[in-house]
Amino acid sequence: CGGGFFTVELAKLVGSSGKVIAVDFQPEMLELTRRFASRKKVADRITVHHCDQDDIMLTGQTADVVIAMHIVHETPDPERFLRQVSELVHPGGYLLVSEPKGHAEKESFVIIRNRCEQYGLTVLEEKTTPRGWSIVLQRPG
């Protein structure tokens, strides 16, 4: 979840009946997210979840939308991470993965896409920008 920017914006989008789960392995990032969400008056829509660096620890849960923003290159086991986030995507749901240039290479992003497809997701859109690579995938259903 980093400092909570995307988390707070998503909480605004889901409205008062929606829920956002912010996941990070750094407690200080979760605390920043809590404070930011409180200032923006959306804290009631956000659950912060502390995970291990190598385990998301959300087994059995699903989400309509999962966002992995600039994180795959930070994980000690990217394949395990991608399997776990792919399993979180509810049938009919979406996964957005974005990686920045300078931390990830095009070849590694191709591997990310291929792994997500192996885990049952379908590519809907893929973009390359001057800042990096992004892909939107969907779990059929």
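The values are calculated or read from the model by the stated rules, or taken from the named source; none is laboratory data. Owing to the predicted nature of the structure, the values given are computational and were not obtained by experimental measurement. Neighbour counts run over all protein chains shown; Cβ positions are idealised from the backbone, glycine included. The area values use the complete protein model at the heavy-atom level, side chains included, leaving out ligands, DNA and RNA. Shrake-Rupley method; radii C 1.70, N 1.55, O 1.52, S 1.80 Å.
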First check a/c for the stretch 1-64, with a ≥ b ≥ c the square roots of the eigenvalues of its C-alpha gyration tensor; if it is under 1.5, answer rounded, and if not, answer prolate when a/b is larger than b/c or oblate otherwise. oblate
For n ≥ 4 DSSP H runs only, could you compute -39500 (n - 2.57) per run for the chain, divide by its residues and tell me the 222 nm figure to the nearest 500? -10500 deg cm²/dmol
Output the relative contact order of the stretch 77-141, whole-number percent, from Cα pairs under 8 angstrom with separation of 6+ residues. 43
Can you check what the net charge comes to around Thr47, using other residues whose Cβ is under 11 Å from the Cβ of Thr47 (Lys, Arg +1; Asp, Glu -1)? +2
Which whole-number percent gives the relative contact order of the stretch 1-133, counting Cα pairs below 8 Å spaced six or more residues apart? 19
Compute the whole-percent fraction of alpha carbon pairs in the stretch 1-123 spaced more than 19 Å apart. 48
Carbon and sulfur: what percent of the stretch 88-141's accessible surface (1.4 Å probe)? 53
Just to confirm the number: angle between the C-alpha axis of helix 27-39 and the first principal axis of the chain, 0 to 90 degrees, nearest 10? 60
Spin-label point model (7 Å from Cα, Cβ direction): what's the Gln138 to Arg83 distance in nm? 2.7
Listed residue pairs exceeding 19 Å between alpha carbons, taken from Lys12/Lys40; Lys12/Lys127; Lys19/Lys127; Lys40/Lys127: Lys12/Lys127; Lys19/Lys127; Lys40/Lys127
Please identify every one of the trypsin sites (Lys or Arg not before Pro) in the stretch 1-87 that sits in a loop by DSSP and has no more than 14 other beta carbons within 10 Å of its own beta carbon. Lys19, Lys41
Given a 1.4 Å probe, how much area per residue of the stretch 1-119 is accessible, in Å²? 56
Sparsely packed GluC sites (Glu not before Pro) within the stretch 103-138, loop by DSSP, other Cβ within 10 Å at most 16: Glu105
With r defined as the distance between the Cβ atoms of Lys41 and Thr62 and R0 fixed at 35 Å, what FRET efficiency is calculated, to the nearest 0.05? 0.80
